[in-house]
1. Is there any pair with a first residue in the range 140-161 that is under 20 Å from Leu287 (Cβ atoms) and a second that is modelled with pLDDT of 90 or more and among the charged types (D, E, K, R) whose Cβ atoms are under 6 Å apart and which are 6 or more apart or on different chains, and what are they?
2. If you check Gly265, Gly248, Gly269, which single one turns out to be surrounded by fewer than 24 Cβ atoms within 10 Å (Cβ to Cβ), in contact (Cβ under 8 Å) with a residue 60 or more places away in the chain, among the small types (Gly, Ala, Ser) and out of contact with any Pro (no Cβ under 9 Å at 6 or more places or on another chain)?
3. Does Leu80 fit the bill of being surrounded by 24 or more Cβ atoms within 10 Å (Cβ to Cβ), assigned to a helix (DSSP H, G or I), touching a residue at least 60 places away in the same chain (Cβ under 8 Å) and of a type outside the set (S, T, N, Q)?
4. From Phe54, Phe22, which residue is farther than 24 Å from His158 by Cβ and in contact (Cβ under 8 Å) with a residue 40 or more places away in the chain?
5. Which ones in the range 271-321 are under 30 Å from Asn163 (Cα atoms), in a helix (DSSP H, G or I) and not hydrophobic (A, V, I, L, M, F, W, C)?
6. For residues that are of a type in the set (A, V, I, L, M) and modelled with pLDDT under 90, scanning just the range 132-154, find the one that is farthest from Gln297 (Cα to Cα).
7. Just the residues that are closer than 16 Å to Gly99 by Cα and within 25 Å of the chain's Cα centre (by Cα), please, taken from the range 143-179.
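The values are calculated or read from the model by the stated rules, or taken from the named source; none is laboratory data. This is a predicted model, so every value here is computed, not measured. So basically every Cβ, Gly included, is an ideal-geometry build from the backbone, and we count neighbours across all protein chains shown.
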Amino acid sequence: MYDWANSAFATSILAAILPVYFATLVPEEGIAVQWGTLKITTKASALWAYGVSFSCFVTALTAPILGALADFAGYKKRFLFGFTYVGATLTSLLYFVQGGDYWLCLGLFMAANMGFAGSMTFYNAFLPEVAPEEKMDWVSGKGYAFGYIGGGLLLALHMLIINYHEGLGIPDRSLSIRISLSSVGIWWGLFALPLFLWVPEVKRPYNQRQKFSYLKSGFIRFFRTLRSFRNYQDLLWFLVAFLIYNDGIQTVIAMAAIFGKTALGLDTGTLIGTLLMTQFVAFPGALMFAKLAQRIQPKSAIIITLMLWVGIVTYAYFLRSAVEFWILGGLVGLVLGGSQAISRSLYAQLIPRARPAEFFGFFSISAKFASIFGPLVFGLITDLSENPRNAIVSLVLFFVVGMILLSRVNMERGRLKALEPSQSSS
């Protein structure tokens, strides 16, 4: 249910509605930003990309520290609660963003995105606690699958509110968009409640005689975890590979709608409709690749998805019409859930069993650093070449390099290493 809850943010805020609405707030000729003597003019798509990058950068810096602290103090659920409801509250405040408020819009989005991204460290850390190793691929896949359905249902409701706002008594389109954006925070907070009420948190014994604060222990355990990666060779190779190929995936998610708006001139209905279709195609796609991972091993399944991603971004470079954008959305939906769900479960199989939040902090830092560099590269190439098509095709490199690094991971050796007693759990 937490996937169901927070996927509304990923769908309506990060991917579908807010990027398009943000593009309408920024003047078409762009805005001038000045630091001292340096002055640049940036347009909506590049400014949005920079906002995504900065918010994920802050999250990436704090995730491993907080993950280590959560494991030491047994506070995964408390941290998850805090990030969830701060993020949900800030998302609801998007209701107050009106014409010309692009800085307010960007600020609220970045702060809410920190809540969304930060919460995933602690949420993902529950996976090894609720699923045995042989079922992690399936449970992770089901989580993503239900997330796509939940996010898709709310996005469908948003389409009705926006397209038929007059019949619903909403006087103008802008207000209907603001109502839709605000409802994401309510949805997220409401459907997160089952996890907090009924999912138990495993309490792990730690040496309570240590004479230092929880915050200090978080930093100490972070650097200890960093050093311990030397003992988990396959885990490290996967983490680096994930950092690279997830760069491409996250950039597609964050930039698809605004790419369609600025490069193809597509209307809001087409953009949201395509992303809605992507959500529902992703449901069977996630389950299909989860089953595939059980049959041919998760590493092989991920490599297949990355090969498909190469074809997808290459196809995106040549898009010219709305019909082709619809086809692109279907292809993205097919591989999106599978590549993300299998990556999460594969990582869970390689980490030391006694330190899930601590190591999922590093998983989050890889995910969020991917969300930094991909959109940043996208924004820079767009600004320098004045053509977002050049930015989208550059993502091929991320998928190819990711596949090469992933080939170095020995799953059997990595699983056996993860089962050994941890030397740094106290």
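1. Once the first residue is under 20 Å from Leu287 (Cβ atoms) and sits in the range 140-161, its partners that are modelled with pLDDT of 90 or more and among the charged types (D, E, K, R) give Gly143/Asp3; Phe146/Asp3; Gly147/Asp3.
2. Gly269
3. For Leu80, the condition - surrounded by 24 or more Cβ atoms within 10 Å (Cβ to Cβ), assigned to a helix (DSSP H, G or I), touching a residue at least 60 places away in the same chain (Cβ under 8 Å) and of a type outside the set (S, T, N, Q) - is met.
4. Being farther than 24 Å from His158 by Cβ and in contact (Cβ under 8 Å) with a residue 40 or more places away in the chain holds for just one of Phe54, Phe22, which is Phe54.
5. Answer for the range 271-321, where residues must be under 30 Å from Asn163 (Cα atoms), in a helix (DSSP H, G or I) and not hydrophobic (A, V, I, L, M, F, W, C): Gly273, Thr274, Thr278, Gln279, Pro284, Gly285, Tyr315, Tyr317.
6. Looking at residues that are of a type in the set (A, V, I, L, M) and modelled with pLDDT under 90, I get Ile149.
7. Here is the first cut: in the range 143-179, the ones closer than 16 Å to Gly99 by Cα are 171-179.
Selection gives Ile177, Arg178, Ile179.
Here is a yes/no grid of residues against (1) more than 18 Å from the chain's Cα centre (by Cα); (2) not β-branched (Val, Ile, Thr):
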position: Phe223; (1), (2): yes, yes
position: Gln233; (1), (2): yes, yes
position: Trp237; (1), (2): yes, yes
position: Thr251; (1), (2): no, no
position: Ala257; (1), (2): no, yes
position: Thr262; (1), (2): yes, no
position: Lys291; (1), (2): yes, yes
